[in-house]
Amino acid sequence: METAIEVTDLVINRGKREVLHGFSCAIPRGSITGLLGPSGSGKTTLMRAVVGVQLVASGRVTVLGEPAGSPPLRRKIGYLTQAPSVYDDLTVRENARYFASLYGLRAADAEAALDGVGLSGAAHQLVGNLSGGQRSRASLACAIVGRPEVLVLDEPTVGQDPVLRDELWARFRGLAADGATILVSSHVMDEANRCDRLLLIRDGHLIGDDTPAAIKATAGTDDLDEAFLRIIRQQEKAAA
Amino acid sequence: MSPHILASTIGRIVRQLRHDRRTIGLVIVVPLLLLTLLYFMFDGQGPMFDRIALVMLGIFPFIIMFLITSIAMLRERTSGTLERLFTTPVGKLDLLFGYGIAFGLVAAVQATVAAGLAYWLFDLDTAGSLWLVIVIAVANAVLGVALGLLCSAFARTEFQAVQFMPVVAIPQILLCGLFVARDSMAGWLQVISDVLPLSYSVEALTEVGAHADPTGTMWRDLGIVVGAIILALLLGATTLRRRTA
Ligand SMILES: Nc1ncnc2c1ncn2[C@@H]1O[C@H](COP(=O)(O)OP(=O)(O)O)[C@@H](O)[C@H]1O
Ligand SMILES: [Mg+2]
């Protein structure tokens with residue numbers, strides 16, 4: 001399968017600490033890849049490197065054959081930051097239209113993106129007055145409005161009710177079916193089962209890279225949480 | 001930089017301001033109240049009011065736009081919108097010019113309203129024409145925007161950002177020649193005054209006050225202010241980093 005994102009020997013320092021230590025992975029085109037790991041393991045840092053806003057100490061990140069962050073990629077990438085990044089003092093619609101305009105798109109595209117995250121009904125509201133879940137969906141609308149080929153989603157479903165979460169996943173699935181490559185981070189194992197592939201990350205190391213089924217089979221359990229735990233124990237034993 | 005992205009960024013910034021009634025009040029109404037205050041302070045002392053009100057028409061836009069811009073840009077940095085914008089086709093210059101032009105337009109409205117009040121209600125008397133006063137006021141506003149963009153890079157919170165106001169604005173106001181004529185200051189104070197851009201805009205306004213036609217000094221001063229704007233914007237551009245740690 002064709003590779004959309006390739007990370008090679010990536011080393012990143014944040015503050016005085018090394019956060020990623022020679023991280024390598026390859027993410028296939030047109031798939032949903034889950035980035036799974038505990039808080040502080042380096043998920044956001046890796047995603048920032050993929051979208052090209054993270055200073056990198058060494059190593060390489062290639063997206064669609066171009067170095068991450070290069071100008072041609074900026075039309076092809078969508079990034080949902082972990083904390084919603086939308087303008088509080090604009091309405092939902094004004095936010096979506098502004099981000100649409102950056103890709104040369106029109107008001108109708110903005111409406112479609114709002115519809116896609118179930119926010120059409122709140123389009124006229126100021127983002128500053130929305131609930132937490134609505135705010136993060138407004139932010140999501142702005143990430144998908146440019147119809148990106150590569151979509152990087154940092155914990156997109158946190159704070160959403162289960163029905164909405166299900167709808168959002170159906171939406172991601174549809175985007176991938178249309179050819180988008182999606183990298184989505186989560187620390188909710190239940191969501192991991194919906195991904196085509198999983199990257200398990202712990203303390204800035206890649207400890208697993210396979211389909212959810214294969215990861216569960218290798219670990220000998222039906223539960224992803226338990227599988228993660230077993231993989232960590234195995235590796236600790238191997239290291240000792 | 002792309003004309004299309006620049007235009008929608010200007011629109012976005014103006015829209016943000018429009019949703020913020022209180023800030024609009026600050027921008028438009030406060031200068032009017034302060035001018036009214038000056039008018040009654042210098043009740044019956046025409047020439048004195050003329051001199052001070054004229055200079056204030058340049059200083060208000062500078063202070064207000066500096067304050068608004070440094071907070072707006074700081075929010076852009078801390079809310080994550082700047083980081084996200086840098087993953088889109090937006091260029092640094094789209095942002096810098098977007099802020100400069102958007103707030104410059106607002107400043108033009110502000111300056112027109114304030115100067116209108118001063119001329120027609122308070123009988124402000126200047127030898128030169130009203131439109132030159134407005135042009136200089138707008139240049140001052142854009143100078144405030146450019147310095148605000150630059151200073152926001154050195155603040156981490158809004159609380160820190162407002163603290164740049166006294167540091168950047170007050171020395172310029174004290175040394176611009178309003179309180180003590182620049183050529184009667186001590187030599188070292190003159191040197192400081194000479195490198196502060198507000199000194200030149202105040203001198204330009206004073207020229208408009210004293211001469212019927214635009215003078216060479218006025219054009220030179222305006223040129224220096226424009227140069228300071230460009231310098232501050234370029235320095236501001238170096239503080240905008242696509243990649244951060
Ligand atoms: N701005 C920052 N400055 C210094 N250290 C940071 C910064 N952001 C994150 N870190 C550190 O980098 C590590 C990885 O963080 P992050 O990538 O956000 O993890 P995750 O997204 O998996 O929770 C953590 O130890 C965190 O404390
Ligand atoms: Mg994170």
Give me Rg over Rh for region A:82-147, both radii from the alpha carbons and Rh done the Kirkwood way, two decimal places. 0.91
A:Asp190-A:Asp178 pseudo-label distance in nm [points 7 Å out on the Cα-to-Cβ vector]: 2.8 nm
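Filter the trypsin sites (Lys or Arg not before Pro) in region A:1-56 down to the DSSP loop ones having no more than 15 other Cβ atoms within 10 Å, then list what survives. Can you show the working numbers first?
Numbers: sites: A:Arg14, A:Lys16, A:Arg17, A:Arg29, A:Lys43, A:Arg48; in loops: A:Lys16, A:Arg29.
The qualifying sites are A:Lys16.
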Per 10 angstrom bin, beginning at 0 and ending with the bin that holds the maximum distance, the Cα pairs of chain B fall in percents of 7, 31, 35, 20, 6, 1, 0
Sort region A:47-109 into rounded, prolate or oblate with this rule: let a ≥ b ≥ c be the square roots of the eigenvalues of the Cα gyration tensor; rounded if a/c is under 1.5, and if a/c is not under 1.5, prolate when a/b is larger than b/c, oblate otherwise. oblate
May I ask you to give the solvent-accessible area per residue for region A:82-147, in square angstrom, as obtained with a 1.4 angstrom probe? 36 Å²
To test your reading of the geometry: what angle, between 0 and 90 degrees and rounded to tens, separates the Cα axis of helix B:3-18 from the longest principal axis of chain B? 70 degrees
One would report the antiparallel percent of DSSP beta bridges in region A:85-227, rounded to the nearest 5, as 55 percent
Just to be sure I understand: with springs between alpha-carbon atoms less than 10 Å apart, which residue in B:Leu93, B:Leu85, B:Leu178 has the highest mean-square fluctuation in the Gaussian network model of chain B? B:Leu85
Could you sort the peptides B:70-82, B:36-48 by per-residue average Cβ neighbour count (10 Å cutoff), highest mean leading? B:70-82, B:36-48
D (Stokes-Einstein, µm²/s), Kirkwood Cα radius, region B:1-96, 0.692 mPa s at 37 °C: 207 µm²/s
Which residues of region B:8-24 show a drop of at least 50 Å² in accessible area when all protein chains are present, compared with their chain alone (probe radius 1.4 Å, heavy atoms only, ligands and nucleic acids excluded)? B:Arg12, B:Gln16, B:His19
Which net charge results for the neighbourhood of A:Gly116, defined as the other residues with beta-carbon distances under 13 angstrom from its beta-carbon, given Lys and Arg at +1 and Asp and Glu at -1? -1
Can you tell me which of A:109-119, B:3-13 comes out highest on packing, and rank the rest after it, using the mean Cβ neighbours within 10 Å? A:109-119, B:3-13
Would you jot down the residues in region B:37-83 that end up with at least 50 Å² less accessible area in the complete protein assembly than in the chain alone, with a 1.4 Å probe? B:Thr81, B:Glu83
Am I reading the B/A interface right? What is its buried accessible area, both sides, 1.4 Å probe, to the nearest 100 Å²? 2700 Å²
Expressed as a rounded percentage, what relative contact order does chain A have, with Cα pairs under 8 Å and six or more residues apart? 25 percent
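Largest first and in whole Å, what are the equivalent-ellipsoid semi-axes of the protein assembly as shown based on the Cα gyration tensor, each being the root of 5 times an eigenvalue?
Numbers: eigenvalues 587, 105, 62 Å².
Each semi-axis is the square root of five times an eigenvalue, giving 54, 23, 18 Å.
Give me the number: length gained by fully extending A:Ala107 to A:Arg233, i.e. 0.36 nm times residue separation minus the C-alpha to C-alpha distance, one decimal in nm.
Going from the current span to full extension adds 40.2 nm.
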Under a crude label model (7 Å from the Cα following the beta-carbon direction), how far is B:Ile192 from A:Asn13 in nanometres? 3.9 nm
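Checking understanding here: applying a Kyte-Doolittle mean of at least 0.0 and a length along the axis of at least 20 Å (C-alpha), which whole DSSP H helices in chain A pass? Walk me through the numbers on the way to the answer.
Details: long enough: A:162-177 (22 Å, 0.02); A:224-239 (22 Å, -0.35).
Length and hydropathy pass: A:162-177.
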Given a Förster distance of 45 Å, the FRET efficiency implied by the Cβ-Cβ spacing of B:Arg241 and B:Arg182, rounded to the nearest 0.05, works out to 0.75
Heavy-atom accessible area of A:Glu6, protein chains in place, probe 1.4 angstrom, given in Å² to nearest 10, is 90 Å²
Row for region A:129-240, column shape: gyration tensor on C-alpha, a ≥ b ≥ c, rounded if a/c < 1.5 i.e. under 1.5, prolate if a/b over b/c, else oblate; value prolate
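May I ask you to derive the relative contact order of chain B, considering only C-alpha pairs under 8 Å and at least 6 residues apart, and to give it as an integer percent?
That works out to 27 percent.
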Suppose only helical runs count, i.e. DSSP H with n ≥ 4. What mean residue ellipticity at 222 nm does that imply for chain A under -39500 (n - 2.57) per run, divided by all residues and rounded to the nearest 500 deg cm²/dmol? -11000 deg cm²/dmol
Taking the DSSP beta bridges in the protein assembly as shown as the whole, what percent of them are antiparallel, to the nearest 5? 55 percent
Sort the following peptides by mean Cβ neighbour count (other Cβ atoms within 10 Å, averaged over residues), highest first: B:53-61, B:233-241. B:53-61, B:233-241
Determine which lysines satisfy two conditions relative to A:Lys216: a Cα distance under 30 Å, and not lying fewer than 8 residues away in the same chain. A:Lys43, A:Lys237
Listed residues A:Ile32, A:Ile207, A:Ile77, most fluctuating in chain A (Gaussian network, C-alpha, under 10 Å): A:Ile207
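The values are calculated or read from the model by the stated rules, or taken from the named source; none is laboratory data. Small disclaimer: the values here were computed from a predicted structure and weren't measured. Neighbour counts run over all protein chains shown; Cβ positions are idealised from the backbone, glycine included. Protein only, heavy atoms only, side chains kept; ligands, DNA and RNA dropped before computing areas. Shrake-Rupley method; radii C 1.70, N 1.55, O 1.52, S 1.80 Å.
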